[in-house]
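Visitor: Okay, handing you the structure first.
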Amino acid sequence: MAKLINGKEIAASVRKRVRFEAAELREKTGVVPGLAVILVGDDPASKIYVGNKKKACLEAGFNSFEHILPAETTQQELLELIERLNEDPAVHGILCQLPLPKHIDERAVIAAISPKKDVDAFHPVNVGKIMIGDYDFLPCTPAGVMELIHSTGVSVGGKRCVVVGRSNIVGKPMSMLLLHENGTVTVCHSKTADLADECRRADILVAAVGKAKLITADMVKEGAVVIDVGMNRDSNGKLCGDVDFENVEPKASFITPVPGGVGPMTIAMLMCNTLTAAKLAAKL
Ligand code: NDP
């Protein structure tokens with residue numbers, strides 16, 4: 001039977017540490033970390049994420065600046081807002097909640113955020129810095145996954161790591177972080193010829209696809225560490241991951257649940273990045 005990796009608990013301890021360090025920063029320098037979150041339109045899931053980020057900021061002792069814009073906002077208006085936030089010394093982190101409405105070019109928006117305030121680490125400059133292993137920020141979800149893996153005590157070095165999914169925000173940076181820790185990394189995607197065979201080789205398996213229960217027990221090696229990034233709804237509307245938890249759990253050594261695994265880590269790592277941005281701005 002696998003040990004459950006408790007993302008809620010680990011995220012709570014990260015957030016506690018951030019709160020403590022933010023208080024120290026305030027005492028020493030008077031700087032209060034500030035996160036600006038932009039939401040364009042009224043996508044219900046995005047609204048929940050933005051609300052959770054605000055809550056996390058308040059809990060960490062940060063300033064939270066919310067910019068809720070109508071769906072008809074033009075790209076130019078959004079870019080102008082980002083420019084103002086780039087110049088605002090009270091704002092250390094800027095996050096534009098994705099997805100954006102179709103008439104707005106996501107890449108142009110990401111590129112407009114100052115790399116120093118890009119707490120999502122999506123800006124091409126930060127992506128490049130991650131590639132060469134010289135970075136200030138890591139993208140929140142992959143960074144959270146690394147924390148979860150570290151919590152198991154299993155070292156990544158020399159392990160066969162398989163990442164399923166190659167998106168710019170999860171799969172690709174995830175593979176890079178595992179590589180930085182000396183994993184032997186395979187990245188799978190929708191054109192992978194034999195996904196089951198690739199997955200079966202994994203000592204550490206990270207699923208980031210967005211397909212309920214895609215990873216079944218026959219695809220998992222006995223004793224593997226299984227990390228489930230997926231957030232899907234099953235046929236009953238219940239939140240579930242990419243991994244068939246019930247049947248995979250008996251084979252794995254460690255496994256994350258959904259909910260309560262990777263999800264809580266993403267916001268915790270966002271708080272870490274905002275604190276880092278504030279410290280950098282304070283030249284610490
Ligand atoms: P994307 O849709 O951007 O990427 C999905 C990836 O999965 C693509 O690379 C795609 O391949 C691959 N894929 C799709 N079908 C298959 C298949 N049958 N076999 C193998 N690979 C496949 O998703 P994201 O990376 O943004 O997110 C992935 C999941 O993680 C989603 O469920 C999302 O909700 C969740 N998520 C969770 C977060 C959290 O905090 N817990 C944060 C971010 C995301 P190809 O490139 O060939 O199309």
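Visitor: Looking at segment 161-191 only, could you name the residues that are within 6 Å of the ligand (Cβ to nearest atom) and in contact with a strand residue (DSSP E or B) (Cβ under 8 Å, 6 or more places away or on another chain)? Can you show your working first?
Guide: Of segment 161-191, the ones within 6 Å of the ligand (Cβ to nearest atom) are 164-167, 169-171, 188-191.
Residues satisfying the conditions are Val164, Gly165, Arg166, Gly171, Cys188, His189.
Visitor: Among what's in segment 75-133 and is more than 24 Å from Ala45 (Cα to Cα) and polar (S, T, N, Q), pick the residue that is least open to solvent (accessible area, probe 1.4 Å).
Guide: Only one residue fits best here, namely Asn126.
Visitor: Another question, then. Considering only residues that are of a type in the set (D, E, K, R) and near the ligand (Cβ under 10 Å from one of its atoms), look in segment 192-232 and name the one that is farthest from Asn6 (Cα to Cα).
Guide: Of all residues in segment 192-232, those of a type in the set (D, E, K, R) come to 194, 197-198, 200-201, 203, 211, 213, 218, 221-222, 228.
With near the ligand (Cβ under 10 Å from one of its atoms) added as a condition, the list becomes 198, 211, 228.
Values: Glu198: 27, Lys211: 22, Asp228: 12 Å.
So the residue we want is Glu198.
Visitor: Oh, and also: Quick check on Leu148: is it within 18 Å of the chain's Cα centre (by Cα), within 15 Å of the ligand (Cβ to nearest atom) and in contact (Cβ under 8 Å) with a residue 24 or more places away in the chain? First the steps, then the outcome.
Guide: Numbers: within 18 Å of the chain's Cα centre (by Cα): yes; within 15 Å of the ligand (Cβ to nearest atom): yes; in contact (Cβ under 8 Å) with a residue 24 or more places away in the chain: yes.
Taking the combined requirement at face value, the residue satisfies it.
Visitor: Sticking with this structure for a sec: Pick out the one residue from Ala196, Ala208 that is free of Cβ contacts under 8 Å to residues at least 24 places away in the same chain, closer than 23 Å to Leu178 by Cβ and not charged (D, E, K, R).
Guide: Result: Ala196 is the single residue among Ala196, Ala208 that is free of Cβ contacts under 8 Å to residues at least 24 places away in the same chain, closer than 23 Å to Leu178 by Cβ and not charged (D, E, K, R).
For (1) under 30 Å from Phe20 (Cα atoms); (2) at pLDDT below 95; (3) within 16 Å of the ligand (Cβ to nearest atom); (4) not in a loop (DSSP other than H, G, I, E, B), each residue gets a yes or a no:
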residue	(1), (2), (3), (4)
Asn236	no, yes, no, no
Asn247	no, no, no, yes
Val258	yes, no, yes, no
Thr266	yes, no, yes, yes
Met269	yes, no, yes, yes
Cys272	yes, no, yes, yes
Leu275	yes, no, no, yes
Lys279	yes, no, no, yes
Leu284	yes, yes, no, no
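The values are calculated or read from the model by the stated rules, or taken from the named source; none is laboratory data. What you see is a predicted model; the values in this text were computed from it and never measured. Note: ideal-geometry Cβ built from the backbone for every residue, glycine included; neighbour counts use all protein chains shown. The protein model used for the area step is the full one, side chains on, heavy atoms only, and it has no ligands, DNA or RNA in it. Shrake-Rupley method; radii C 1.70, N 1.55, O 1.52, S 1.80 Å.
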